[in-house]
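This report concerns only the one structure given below.
The values are calculated or read from the model by the stated rules, or taken from the named source; none is laboratory data. These figures come from a predicted structure and were not determined experimentally. Here Cβ is always computed from backbone atoms with ideal geometry, including for glycine, and neighbour counts include all displayed protein chains.
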Protein chains: 2
Amino acid sequence: MIGRAFAPGHITGFFEICDHSDPRKMGSRGCGIVLDAGITTEVKVGAESFIELNGRREKAETSRWVVNALAAGARVEVRSRIEIPVGCGLGASGAGALSTAFALNRALDLKKSFNELASIAHVAEVENRTGLGSVMGQCHGGVVIRKQPGAIGFGEIDRIPAEALPIFYIAMGAIPTKEVITSTAAKKKINISGKKALRALLREPTFENFMELSKKFAYETELASSRVRDAIEAVEASGGSASMAMIGDTVFAVNIEEAALRKSGFGGVKKACVCHEGVHML
Amino acid sequence: MIGRAFAPGHITGFFEICDHSDPRKMGSRGCGIVLDAGITTEVKVGAESFIELNGRREKAETSRWVVNALAAGARVEVRSRIEIPVGCGLGASGAGALSTAFALNRALDLKKSFNELASIAHVAEVENRTGLGSVMGQCHGGVVIRKQPGAIGFGEIDRIPAEALPIFYIAMGAIPTKEVITSTAAKKKINISGKKALRALLREPTFENFMELSKKFAYETELASSRVRDAIEAVEASGGSASMAMIGDTVFAVNIEEAALRKSGFGGVKKACVCHEGVHML
């Protein structure tokens, strides 16, 4: 049997790291946008086991973790088509893990529930320190507020009612999530600023407020590089609003013409839309 | 300002009625399918207040309840375009209430969160006895298992990982939900059978099992009329599977050719697909 699943990309605007000895309960609070660009994974039982990302065999640690957790030694060919940059704060590792889990479930007829599969993807992220909360967003669609940390069934969410707005982004470089979330100094600033942002967002859960609070978070935590700050200011000078995708050297922007963004000269501009579908079978 | 929102239709396959003095905690356990056909509602502030369903002014009790709860006396013109039959177990009242709540939030700039709006729609259903659980499904998309009753933020769900399967349905007539869920005799049978079905589904959360358990529920509770049973058997004779949409004199079927269903002569066949988007802004 062949299993095929799609998991959307996800941009976190701000977050707070929440440690826990149980990886299903570890995660983050915060808020992010689910995107209609993501990862499509096809799984079939094969003669050997491998993971191919856009046609090239790769280590793909987080997806590999999911395969090890679910396939129980079966040989599976995993092929992922990735529409989003990797390591740039677009939730690629979470989308890879989720789409792999859902496709494997069908290919191996595992009969797992949605929450069981999503929980395995969340734990894969946490164990590999590639993410803390994207998977929760990617299970739902829309603009997802993570009120309590953890995998689906453990964490708690709300959402900002939002249209399928176009989101432009410029990925200027990768930042290893692991380095940031395991640094004590960074974590302290993140948690002070992230907690404050969440409280303010819950008082006024609008998309405009989310953009404003995300920018404040990027500056306060000093996670925004100088070129990220320059790009944010260029967007604002054109009348739009922007912030940094957590965690990558990536700017995302709304309410701006694509042409204006291209002219700003910060690199290749990509477009996606707010997506109301979470991970699902194809 | 104009607000526009879409809420999907929803077919419950089986359920258990869960009473509670707090309407946010009252609801049902069970499982149902979210459909890509539903209700689109547009709201704008106007000179007078009315609700129009497909161009005709109607009482629309459940949506009216939502307007009263949210509009605080403001005059609003509410126009809903309905793609699903009303009163036939397709979740029309829930979709009307949800899309009205989300559109109103934008039109009146209420700045409510997704969960706040969805909770109001759930309470509107419960108070008017037009439904007990559809709203929870319609918030999520997919094939939604309601493990614990109540509004979003109170209830608890899981899902069956499912493709965007085509679902055919034949609405043969309306059954007032209120009459069924307030009848002591019906309720007893519903709760015995529904509880058993949920337990069996959680042991094997697959779409095939959902169809099988839904049919068993429809027969055991004697909610299926003789023509519903005849239609289910006709579908099975053609190699498909079918059950009854709760609560309506409606049969839904999968894994069958539309032509075979039309030939069966039970009335107009409509098609929708499993939808992975819950209620959202347009």
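Key figures
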| item | result |
| --- | --- |
| Candidate set from the stretch A:201-212 (those that are more than 18 Å from the chain's Cα centre (by Cα) and assigned to a helix (DSSP H, G or I)); member that is farthest from the other protein chains (Cβ to nearest Cβ) | A:Glu212 |
| Residue satisfying condition, being touching a residue at least 12 places away in the same chain (Cβ under 8 Å), of a type outside the set (S, T, N, Q) and within 14 Å of chain B (Cβ to nearest Cβ), within set A:Gly141, A:Gly173 | A:Gly141 |
| Residues (outside any strand (DSSP E or B), over 14 Å from the mean Cα position of the chain (by Cα) and aliphatic (A, V, I, L, M)) located in the stretch A:146-180 | A:Ile152, A:Ala162, A:Ala164, A:Leu165, A:Val180 |
| Candidates B:Ala69, B:Ala74, B:Ala47, B:Ala92 - the one that is touching a strand residue (DSSP E or B) at 6+ places or on another chain (Cβ under 9 Å), on the phi < 0 side of the Ramachandran plot and either touching a residue at least 40 places away in the same chain (Cβ under 8 Å) or of a type in the set (D, E, K, R) (or both) | B:Ala92 |
| Top-ranked residue in the stretch B:3-41 [being within 20 Å of B:Arg64 (Cβ to Cβ) and surrounded by fewer than 19 Cβ atoms within 10 Å (Cβ to Cβ); ranked as nearest to the chain's Cα centre (by Cα)] | B:Thr40 |
| Selected residue (only one of B:Glu204, B:Glu163 is charged (D, E, K, R), at pLDDT 95 or above and in contact with a Leu (Cβ under 7 Å, 6 or more places away or on another chain)) | B:Glu163 |
| Condition met for B:Asn191 (over 19 Å from the mean Cα position of the chain (by Cα), more than 14 Å from B:Ile11 (Cβ to Cβ) and either part of a helix (DSSP H, G or I) or in contact (Cβ under 8 Å) with a residue 40 or more places away in the chain (or both)) | no |
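Per-residue answers, yes or no, for (1) among the small types (Gly, Ala, Ser); (2) surrounded by fewer than 24 Cβ atoms within 10 Å (Cβ to Cβ); (3) under 21 Å from B:His20 (Cβ atoms):
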{"site": "B:Arg79", "(1), (2), (3)": "no, yes, no"}
{"site": "B:Pro85", "(1), (2), (3)": "no, yes, no"}
{"site": "B:Ala92", "(1), (2), (3)": "yes, no, no"}
{"site": "B:Ala95", "(1), (2), (3)": "yes, no, no"}
{"site": "B:Leu117", "(1), (2), (3)": "no, no, yes"}
{"site": "B:Ala124", "(1), (2), (3)": "yes, no, yes"}
{"site": "B:Asn128", "(1), (2), (3)": "no, yes, yes"}
{"site": "B:Val143", "(1), (2), (3)": "no, no, no"}
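Listed here are the residues, each with its yes/no results for (1) part of a loop (DSSP other than H, G, I, E, B); (2) over 22 Å from B:Ala260 (Cβ atoms); (3) under 20 Å from the mean Cα position of the chain (by Cα).
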site	(1), (2), (3)
B:Lys196	no, yes, no
B:Arg199	no, yes, no
B:Ala218	no, no, yes
B:Leu223	yes, yes, yes
B:Arg229	no, no, no
B:Val235	no, no, no
B:Ser243	no, no, yes
